[in-house]
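First comes the structure, then the notes that go with it.
The values are calculated or read from the model by the stated rules, or taken from the named source; none is laboratory data. Every value quoted in this text rests on a predicted model; they were computed, and no experiment measured them. Using ideal geometry, Cβ is built from the backbone for each residue, glycine included, and neighbour counts are taken over all protein chains shown. All accessible areas refer to the heavy atoms of the entire protein, side chains included, with ligands and DNA or RNA removed. Shrake-Rupley method; radii C 1.70, N 1.55, O 1.52, S 1.80 Å.
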Amino acid sequence: MRGPHNILRLIRTGATLERTGAMGLVMEAMDAPPQVRAIMRFLAWPFQWLGYKGDPGMPPATRALTALGPAYIKFGQILSTRPDLVGDDLATQLRVLQDKLPPFSVEEARDSIEQELGAEVDSLFDEFSPPVAAASIAQVHRARSRETGEAVAVKVLRPGIEKAFRKDIDAFYFAANVIEFLSPSSRRLRPTDVIAHFEGVVMGELDLRLEASSASEFAANTGEDEGFTLPEIKWPLSGRRVMTMGWADGLPLGDNAALDAGGHDRVALGERVLQLFLSHALRDGYFHADMHQGNLKVAANGDIIAYDFGIMGHIDEYTRRVYAEILYGFIKRDYRRVAEVHFEAGYVPADRDVDEFARALRAVGEPIFGMDASHISMGGLLSYLFEVTERFGMETRTELILLQRTMVVVEGVARSLSPQINIWQVARPVVEDYIRKNIGPRAVSRDLGRTLAVLSRYGPRLPGIVENALMRQSMPVTPPPKPNRIWPALWAMGGAVTGAAAMAAIAWLS
């Protein structure tokens, strides 16, 4: 339920950060202004007794996010790939969230497998190990298939994970609704739509049948990519809460010491990670959207092995072209063309001045290109773009959220392997190859052929479609009802009263 009871959940979030000692650490790592730090500490300190205690044996940030639940853990996983944003110490702490969380018992895992697959574990596997990795949503066991004798990885969802995520997402929805009500200017960013997008991604990750299907499609798209492999899905041993795939032997991509000892070229690995992601996003429109170090290994032959396909991104062909032209425009420093692409795609309202927007984009790009390689950051570019597009009234594009977020994560992975990597220089050949093949005379000819093929299929129905469209246009337009802002206010007031009453009751009982 997205009611005001979520106020207590949000208060508890701040209280947990304060109680575990993570609030000050996070504010310092994010280089928050002194005023923001003081306000956050002032608001959270009186309620810290409401916060979760967490595991005292963990570092503060990891302790807080783990105590708060899986949605917060997902956020921490993203930050763990960005030492340039949060610092090396905090990034190292958060990296534990990727695949080293406390596991649930083997007995619970076996029960879940038997309920899902309808057979005893011993009849399916000759061997079944304790968990070898535990993440926010599931954990993995190494096993050996009784039928084939092959080593496999068995992924099992955490018990009750669906309910835990629902609770967090409901709190996020409530916060988004309150923000939109109290700050009309924030509606440009469409926070509710952003949460809805996040919800769809997460709900898909909680059905392992969908993950298995995603892995199969991804494997078909990338089968010829040099230096990149995926484990094979074992369909007879998979279901909604269980997924089995071939075992992938390799070194963790986040363990630089092990990679160096294994004789792997970290510079080449960093470049390959970034180029693979861009290739999958632009060429296929289907990409791995959770490419942190915990989901990547390096095989003995140097191949990058990807797994955990719960979050996959999809962008249509038109959006791919727009995105490629924007990237290419920044690479070529053609800010006028970048501005025109934003207008052509409808990203910026048509009543704004394209020349003024181009000048604003130049102010974004030129400082970045003036930096040395170690400081050129896609994350920095996106941050500056946010400031510019806010001024020009650009709305949040929910279809690009996952793409942008993953690009930031992949940049963090590449930079952790090779701190001096030049992001633009590595990206350039992939983007130029896409531009050459998909934007130009050859692409126009191909698009025209596709259009004619569609028209030939719908030819007999075109007169009726046109007639119906003209009739709809000629009908009077009924204005939509004005939104009622009374109920959100009452919800917020009710939530405040409920939260205060709950805290008073807890204090009285204690």
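Assorted remarks:
- Residue 98 vs. criteria assigned to a helix (DSSP H, G or I) and either of a type in the set (D, E, K, R) or modelled with pLDDT under 75 (or both): yes
- Every residue from the stretch 333-352 that is charged (D, E, K, R), free of Cβ contacts under 8 Å to residues at least 24 places away in the same chain and touching a helix residue (DSSP H, G or I) at 6+ places or on another chain (Cβ under 9 Å): 334, 336, 337, 340, 344
- You will find that of 267, 273, the residue that is over 23 Å from residue 234 (Cβ atoms), among the β-branched types (Val, Ile, Thr) and crowded, with 17+ Cβ neighbours inside 10 Å is 273 and no other.
- If you go through the stretch 324-356 and keep only what is touching a Phe, Trp or Tyr at 6+ places or on another chain (Cβ under 6 Å), open to solvent by 10 Å² or more (accessible area, probe 1.4 Å) and assigned to a helix (DSSP H, G or I), you end up with 331, 354.
- Between 161, 78, 113, the distinction of being of a type outside the set (Phe, Trp, Tyr), out of contact with any Phe, Trp or Tyr (no Cβ under 8 Å at 6 or more places or on another chain) and modelled with pLDDT of 95 or more belongs to 113 only.
- Enumeration of residues in the stretch 248-266 that are over 25 Å from the mean Cα position of the chain (by Cα) and either more than 22 Å from residue 132 (Cα to Cα) or in contact (Cβ under 8 Å) with a residue 24 or more places away in the chain (or both): 249, 259, 260, 261, 262, 263, 264, 265
- Applying the criterion of being open to solvent by 60 Å² or more (accessible area, probe 1.4 Å) and either modelled with pLDDT under 85 or out of contact with any strand residue (DSSP E or B) (no Cβ under 6 Å at 6 or more places or on another chain) (or both) to the residues of the stretch 133-158, the residue that is farthest from residue 232 (Cα to Cα) is 147.
- In this structure, residue 257 does not satisfy being hydrophobic (A, V, I, L, M, F, W, C), within 25 Å of residue 415 (Cβ to Cβ) and assigned to a loop (DSSP other than H, G, I, E, B).
- Checked against (1) under 24 Å from residue 72 (Cα atoms); (2) part of a helix (DSSP H, G or I), residue 131 passes all but a single condition, namely (2).
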